[in-house]
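**Q** Handing you this structure, nothing more for now.
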């Protein structure tokens, strides 16, 4: 297979000592492309405002030989190299302040373009945390969300397993090179993930799982995603770094509440106090997404299933609606929450009957009340 020249130049810049991700984007923005940077004169390079030593290295073609070897190593490892301008590069990830120059991808490259949710948490979770992470990931993957996590022990692994149980897609973001899986006991899990989803990294082949790599990795987990859900996390957990990054990247932050006496509950409970969305079922997550995303995740006929026959109860109730309930139900929307005054104004019924119908519809799982007396259909 011939060398992809665009990938070669992007990889080359990623290997120039002292340049960094932000420096590389600054340089490309100044000169137009990585290839143009390597073709530029020293004077043109210095005009970008980068340090003189870095400009001299690029002028001397630093990084290109290493990039050529890296492309060959990636091919041997069965990895695609998706660079910043590649059509498969995730659009949400492009929006962060320091998007990776390249991603090494093993598996289904198309999974990167799906609607993603990050699920993260403790490496030493409780049995409750493992159960909740697995269930929520499964429920969300069933609705078409791609579950993103870090392949770590504990909550990350539970989230990946939950998505796979739903025959959904999941993405594992590694904090090391793609030549090996970390932790090693998750090798089989990584293989299963790559069958429909993807295992990815921005680190070159041979990079070890050093502690400083994981906060760097976390910005990709949040950057790929519409939001980040924290299940369990202690006070100094890396998951709280991911949640902070999500806030900086203008992503949603979700948290599953926990026992106030448990150390693992500090993180999510703290996030909820700071304004994170409390989650106890999958719909709490989907409710926060933009209307166009909700419409794709909640096609007509979709309903919440609480595992206890809730979906069937809702459908049976729909078939036996009173005329008042049906009028109110038909005035509501799946893709947009409506304020109660708007509902009252669009239904030719007395206020008391509208409010009563809303209560009955909510109790039977067909309508959900959001903060501020806003209502939204579940199917």
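**Q** Which members of the range 58-73 meet the condition of being crowded, with 19+ Cβ neighbours inside 10 Å and either within 20 Å of residue 113 (Cβ to Cβ) or more than 28 Å from the chain's Cα centre (by Cα) (or both)?
**A** Those that are crowded, with 19+ Cβ neighbours inside 10 Å and either within 20 Å of residue 113 (Cβ to Cβ) or more than 28 Å from the chain's Cα centre (by Cα) (or both): 58, 62, 63, 67.
**Q** Can you tell me which residue within the range 74-85, out of those that are surrounded by fewer than 19 Cβ atoms within 10 Å (Cβ to Cβ) and in contact (Cβ under 8 Å) with a residue 60 or more places away in the chain, is nearest to residue 18 (Cα to Cα)?
**A** Here the answer is 85.
**Q** Oh, and also: So which pairs qualify, if the first residue must be in the range 344-371 and in the same structural domain as residue 326 (by TED's automatic domain parsing), the second must be loosely packed, with under 14 Cβ neighbours inside 10 Å, the Cβ gap must be under 7 Å, and the two must be at least 6 apart or on different chains?
**A** Partner pairs satisfying both residue conditions: 344/351.
**Q** Just one of 348, 304, 342 is under 30 Å from residue 129 (Cβ atoms) and either modelled with pLDDT of 90 or more or outside any helix (DSSP H, G or I) (or both); which is it?
**A** The unique qualifying residue is 304.
**Q** Now for a different question. Just checking, how many residues over the range 209-246 are touching a strand residue (DSSP E or B) at 6+ places or on another chain (Cβ under 6 Å) and in a helix (DSSP H, G or I)?
**A** Matching residues across the range 209-246 total 8.
**Q** For the range 78-109, give me each residue that is closer than 15 Å to residue 198 by Cα and either at pLDDT below 95 or part of a loop (DSSP other than H, G, I, E, B) (or both).
**A** If the condition is that a residue be closer than 15 Å to residue 198 by Cα and either at pLDDT below 95 or part of a loop (DSSP other than H, G, I, E, B) (or both), then 78, 79, 88, 89, 90, 108 are the ones that fit.
**Q** What number of residues within the range 192-208 are at negative phi and part of a loop (DSSP other than H, G, I, E, B)?
**A** From the range 192-208, those at negative phi are 192-205, 207-208; that's our starting set.
Next, only the ones that are part of a loop (DSSP other than H, G, I, E, B) stay: 197, 202-205, 207-208.
Final tally of qualifying residues: 7.
**Q** Just give me the residues in the range 250-259 being crowded, with 18+ Cβ neighbours inside 10 Å and assigned to a loop (DSSP other than H, G, I, E, B), in sequence order.
**A** 251, 256, 258
**Q** Sticking with this one: Quick check: anything in the range 201-211 under 17 Å from the mean Cα position of the chain (by Cα) and over 21 Å from residue 285 (Cβ atoms)?
**A** Yes, because at least one residue in the range 201-211 is under 17 Å from the mean Cα position of the chain (by Cα) and over 21 Å from residue 285 (Cβ atoms).
**Q** Within the range 96-119, is even one residue assigned by TED's automatic domain parsing to the domain that holds residue 196, closer than 15 Å to residue 218 by Cα and surrounded by fewer than 21 Cβ atoms within 10 Å (Cβ to Cβ)?
**A** no
**Q** Let me ask you something else. Limited to the range 138-161, what total is found for residues that are assigned to a helix (DSSP H, G or I), under 28 Å from residue 210 (Cα atoms) and touching a strand residue (DSSP E or B) at 6+ places or on another chain (Cβ under 7 Å)? Break it down into steps so the answer makes sense when it comes.
**A** Within the range 138-161, the subset assigned to a helix (DSSP H, G or I) is 138-142, 155-161.
Next, from what is left, pick out any that are under 28 Å from residue 210 (Cα atoms): 155-161.
Narrowing the set further to residues that are touching a strand residue (DSSP E or B) at 6+ places or on another chain (Cβ under 7 Å) leaves 155-156, 159-160.
Residues that pass the stated criteria total 4.
**Q** Sticking with this structure for a sec: Could you check the range 127-142 and list, in sequence order, the residues that are surrounded by 19 or more Cβ atoms within 10 Å (Cβ to Cβ) and either farther than 14 Å from residue 172 by Cα or not assigned by TED's automatic domain parsing to the domain that holds residue 175 (or both)? First the steps, then the outcome.
**A** Taking the range 127-142 first, the residues surrounded by 19 or more Cβ atoms within 10 Å (Cβ to Cβ) are 129-130, 132-134, 136-141.
Selection gives 129, 130, 132, 133, 134, 136, 138, 139, 140, 141.
**Q** Taking the range 144-153, which residues are in contact (Cβ under 8 Å) with a residue 60 or more places away in the chain, over 14 Å from residue 192 (Cβ atoms) and crowded, with 22+ Cβ neighbours inside 10 Å? Walk me through it before giving the result.
**A** Restricting attention to the range 144-153, the residues satisfying the condition of being in contact (Cβ under 8 Å) with a residue 60 or more places away in the chain are 144-145, 148-150.
Pick out the ones that are also over 14 Å from residue 192 (Cβ atoms) and you get 144-145, 148, 150.
145, 148, 150, listed by residue number.
The values are calculated or read from the model by the stated rules, or taken from the named source; none is laboratory data. Computed from a predicted structure; not experimentally measured. All Cβ positions, glycine included, derive from the backbone under ideal geometry; neighbour counts span all protein chains shown.
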